Every structure is written in C-alpha cells, then in structure tokens.
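Notes follow the structure.
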C-alpha cells in the first residue's frame, strides 16, 4: 500500500472502503484494541469484521506502553495476530535504549510469529518517539536478521524511516525540517535488507511533498489526524457559531492538552481546541446527541482528499 490512513472515525473507514485506491488502515491501540477504543468503540475483532478484508489493516504502534493503560502489549498482540494483516512492533516509547528496544522487538516478533505465521511486521518508530541515526537503523536491521528466526525476519515488510518532520495538530502543519538526504540514506538501509520503507507523520503535505518522497524511493506513508480534522471541520461548518456543547465535550476530554503549550487559553481559542481533538469524541454519547446528520457530506469531502492522494 502507498498510503496508510488512520481510521479516525466510522466515516473515515467507510470513505476509504468505498474508494478504490492504494490505501490501508493503521489503527493505534487507543483507537481500536482488544478491549475497545475511541473509534466507534470497536474492538480489534469487530473492526476487522467490519472492514471484512476490503482494505489491509496494520496495527500502528503496537506493544509495551502504547495503550490507554500501561501494559506489556502481549494481549493486544495476540488479538492483532488473529485479525490484522500487519503489526507494527514499537517498544520505543518505553525503551529509549537501543539494546533494550531491540531485545523487546525480537521477543515481540517471535511471540507473534509463533502464534500466527501469516502476519507481517513493521519495525522501528517515528522521530517524535525516538530519533534513529542512520547507523542505528543499520544496527537494528543487522540485529533483527541475526536474532530472529529466518521465517520471522522474512515477515518484516516495512521499516520506519525518518526525514526530520513531525506534526502540530494545533497549527495543522507538518513541523521540523525535511531532510531528503537523511530519508534517502534510511531508504537505502531498507533496500539493503530487502524491506519496504515507510514514513510516519505524512499529514498536511502538498502533492509535491509526497512526490518528492516517493521519488527518493519511499514505498509508503502514514496519514492520520488530518482525516479526523477534515471531519471535525465539516461539523463546525454545519454548527456555525453554535459550538458551545461541542467545545465543552472536547474540553472535558483533555485530549487537547498534549498538543498545546502552557500559554494556550482554551476559552479564547474554542474552535482551535475543537479542531485539535474533536475527532477523539465522535463516539461519545454526548457528541452523538448533538451531532449534525451530515455523514454523506463528510464522506464525500473525505473522498476528495483520497482522490487527491491517489492521483498525486
């Protein structure tokens, strides 16, 4: 798949399923997990059943410390291996040490592979979780090839590559400084080991910026919050100035806090706060009770974004 889309809502899922393009899904553990998530309250099995094989599903950021509550991620991996096509094994939020992260990666991949030899893998992580230098990426691939069963190493499909960028949901922009040389060098490491390269944080980019990455040899890219914000803006357009209830639901969720600095004034920036975290509350009963009935408009708007990506 060229683009992996975060299933930020049922409308996003429906739009991607309906659209005939080069797309897959990347549910995080907070969005969809074995014990539920904020996207339509779907469990792992329920989400896979709904998608019904129409679009490949990859677990995004699976593993230790990646769920709502801290755990080792093994129960989640077990359900993922029974329902998803690809699993991103990402222990790097908990393990910043290269040695410890690699040991955890090997343990996780071995566990999953022994439970389901059909599932493929993604390894590595994005820059906002742990920056990888080129030699560290090379060391990671060498270590995995050496310590994994050959069949398990063969199942690694994607390796996360980094180009120096991140996301700012408040400003709705791609941050940092794109480094084509860094990206190209990481892609070369992937090719050396016969793996596909995948970049995260592909939101808010122009058609040229996507093309530049693919021209360097990038195989795939993840896009997530941008799709949730497209839907949020549709609701805001319909609501006009009558956004107090939506604002309060978002404010009470506290999901906006991680994306703003200490000087941010919520009650002076209500629309910005909603645009930051409005998608987190789509499945809450309080929002459903005030939600405008504009699902078809939303899906059509989302499909315009999908078409732009697909034709880019």
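Quick note: the coordinates plus some simple rules give every number you see, no bench work behind them. In this text the structure is predicted, and so the values were computed from the model without any measurement. All Cβ positions, even for glycine, are placed from backbone atoms using ideal geometry, and neighbour counts span all protein chains on display.
Before moving on, here are some points about what is shown:
- Taking the Kirkwood radius as Rh and the Cα radius of gyration as Rg, segment 227-311 has a ratio of Rg/Rh equal to 1.00.
- Our compactness index for segment 1-74, the C-alpha radius of gyration over the empirical 2.2 N^0.38 Å, is 1.06.
- Sequence-separation-based contact order of segment 142-222, relative, with Cα cut under 8 Å and 6+ spacing, percent: 30 percent
- Compared with the dominant principal axis of the Cα atoms in the chain, helix 244-253 is inclined by about 30°.
- Nearest 10 degrees, 0 to 90: helix 225-239 Cα axis against the chain principal axis: 10 degrees
- Length-normalised contact order of the chain in % [C-alpha pairs under 8 Å, at least 6 apart]: 18 percent
- Beta bridge orientation in the chain: antiparallel %, DSSP, nearest 5: 15 percent
- Label point 7 Å beyond Cα of residue 114 along Cβ direction - residues of segment 146-184 with amide nitrogen under 12 Å: 149
- Between residue 285 and residue 100, the contour length at 0.36 nm per residue exceeds the alpha carbon distance by 62.5 nm.
- Virtual spin-label span in nm between residue 147 and residue 75, 7 Å along Cα→Cβ: 2.6 nm
- Stokes-Einstein diffusion coefficient of segment 136-248, Kirkwood radius over Cα pairs, 10 °C, 1.306 mPa s, in µm²/s: 97 µm²/s
- Entry for segment 37-81 at q = 0.23 Å⁻¹: log10 I(q)/I(0) = -0.89, Debye formula applied to identical alpha-carbon scatterers, no solvent contribution.
- Computed from the C-beta positions of residue 20 and residue 178, the FRET efficiency with R₀ = 35 Å rounds to 0.70.
- Which of 259, 92, 142 has the fewest Cβ neighbours within 10 Å, and the rest in rising order: 142, 259, 92
- Packing-based order for 33-44, 96-107, using average beta carbon neighbours within 10 Å, highest first: 33-44, 96-107
- Spin-label proximity, residue 107 to segment 46-90 - amide N less than 11 Å from point 7 Å beyond Cα toward beta carbon: 64, 72-74
- Protection-proxy order for peptides 225-232, 58-65, 292-299, each taking the mean of Cβ atoms within 10 Å per residue, highest first: 58-65, 225-232, 292-299
- Per-residue ellipticity at 222 nm computed for the chain from its helices equals -13500 deg cm²/dmol, with DSSP H segments shorter than 4 residues left out and the rest contributing -39,500 (n - 2.57).
- Segment 227-311: relative contact order as a whole-number percent, Cα under 8 Å and 6+ apart: 44 percent
- Spread of Cα-to-Cα distances over 20 Å intervals beginning at zero, given as percent, for the chain: 33, 59, 8
- Euclidean distance between Cα centres, segment 48-101 to segment 239-312, Å: 26 Å
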